[in-house]
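Shown next, in structure tokens, is the structure this report addresses.
The values are calculated or read from the model by the stated rules, or taken from the named source; none is laboratory data. On a predicted model such as this, the values are computed, not experimentally measured, just so you know. Counting neighbours? That spans all protein chains shown, and the Cβs are built from the backbone with ideal geometry, glycine included. For accessibility, only protein heavy atoms count, side chains too; no ligands or nucleic acids. Shrake-Rupley method; radii C 1.70, N 1.55, O 1.52, S 1.80 Å.
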Amino acid sequence: MPPTARPRAMVANRLLAALPEKEYQRLLPELEQVKLSFAEVLYKPGTSILYVYFPNDSIVSLLAEVAECSTLEVGLVGNEGMAGISVFMGLNTSRYRALVQGAGTAMRMKASALRTESDRVGSLHRLLRRYAHSLLIQASQSAACNRFHMVDARLARWLLMTHDRLSSDEFRLTQEFISNMLGVRREGVTRAAGDLQRQKLISYSRGGIPVHDREGLEAVSCNCYKIIKAESVTT
Ligand SMILES: [Zn+2]
């Protein structure tokens, strides 16, 4: 087996797992497992995309930059998806900043290899076409959510979406990080997280947010969570 190849059982990414065996085997030499570190930047706006990433247990945030230091999350990519969808859409550069929000592994593929595979219009093409639609819904619903819904509900939605993509009940987060994701001032994040903690839905300590009550969190979240989840390709 080439050093980059991974037995199928070790690949947790659900897009890759959904491929027929024959197509998966054909792609295997193009896939390389890499470790992604917390806060690592995979793409910057306007720069060339050299690789696409299929997260296994890592999470990547897609951030729209609205000012020098202001960002807003418009997409969250975990093991249900792929970072670098612009390549599939025929573009070579990223419009978003792609930031690793949860450290872990991903299967990496050269952008050129993805283009070649897409041109075959096989199963990966069909899965990515459907996934591109789900990302579009995620971005548009996030925009509406950020405009109309209260910070508590938005934070609950975001924690649920993150929790869905992680294997752990606890994730490493800072107020500043959440503030950048939700486009909310840090004081707003502190107040909203305090509200969720008082309801015993989460704990909120320096750097970590264990989720204690998922059902309770879903009750606090706006309906945007369910709308986005319903569009997921592989769930
Ligand atoms: Zn909402």
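Quick rundown of the values:
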{"item": "Alpha carbon centroid spacing (whole Å) that separates the stretch 42-86 from the stretch 144-213", "result": "19"}
{"item": "Net lengthening on full extension, Phe38/Arg147 (0.36 nm per residue, minus Cα-Cα)", "result": "36.4 nm"}
{"item": "Greater than 31 Å apart at Cα, pairs in Lys110/Lys226; Lys200/Lys226; Lys35/Lys200; Lys35/Lys229", "result": "Lys110/Lys226; Lys35/Lys200"}
{"item": "For Leu173, residues with placed amide H under 5 Å, excluding near neighbours", "result": "Gly207, Gly208, Ile209"}
{"item": "Solvent-accessible area, 1.4 Å probe, carbon plus sulfur percent, for the chain", "result": "52"}
{"item": "Among Gly188, Leu136, Thr162 the positive-end extreme of the charge dipole of the stretch 128-214 (Cβ point charges)", "result": "Leu136"}
{"item": "Within a Gaussian network of the chain (alpha carbon springs, distance under 10 Å), most fluctuating of Tyr24, Tyr131, Tyr43", "result": "Tyr24"}
{"item": "Unit charges on C-beta of K, R, D, E only; dipole of the chain, Debye", "result": "280"}
{"item": "Cβ-based charge dipole, the stretch 42-110, positive-most Cα from Ala106, Val66, Phe88", "result": "Phe88"}
{"item": "The chain: most fluctuating residue of Met150, Met161, Met181 per GNM, C-alpha cutoff 10 Å", "result": "Met150"}
{"item": "Rounded FRET efficiency, nearest 0.05, which uses the C-beta distance separating Ser203 from Glu65 and R0 of 41 Å", "result": "0.85"}
{"item": "Note, ³J(HN,Hα) from phi for the stretch 86-94, Karplus 6.51, -1.76, 1.60, rounded to Hz, x at Gly and Pro", "result": "4, 4, 4, 7, x, 10, 9, 10, 9"}
{"item": "Label-point gap, in nm, between Arg26 and Arg129 - each point 7 angstrom along Cα→Cβ", "result": "1.5"}
{"item": "Contact order normalised by residue count of the chain, Cα under 8 Å, 6+ apart, percent", "result": "21"}
{"item": "Average accessible area per residue (Å²) across the chain - probe 1.4 Å, nucleic acids and ligands excluded", "result": "48"}
{"item": "Helix-only CD estimate at 222 nm, as mean residue ellipticity for the chain, using -39500 (n - 2.57) per DSSP H run (n ≥ 4)", "result": "-12500 deg cm²/dmol"}
{"item": "Simple Cβ-charge dipole of the stretch 30-80, Lys/Arg +1 and Asp/Glu -1, about Cα centre, in debye nearest 20", "result": "80"}
{"item": "Debye, to nearest 20: dipole size of the stretch 1-140, +1 on Lys, Arg Cβ, -1 on Asp, Glu Cβ", "result": "380"}
{"item": "Under 19 Å from the Cα of Lys44 - aspartates and glutamates, other chains or at least 8 residues apart", "result": "Glu65, Glu68, Glu73"}
{"item": "Cut-off under 5 Å, modelled amide H: who pairs with Ser58 long-range", "result": "Thr105"}
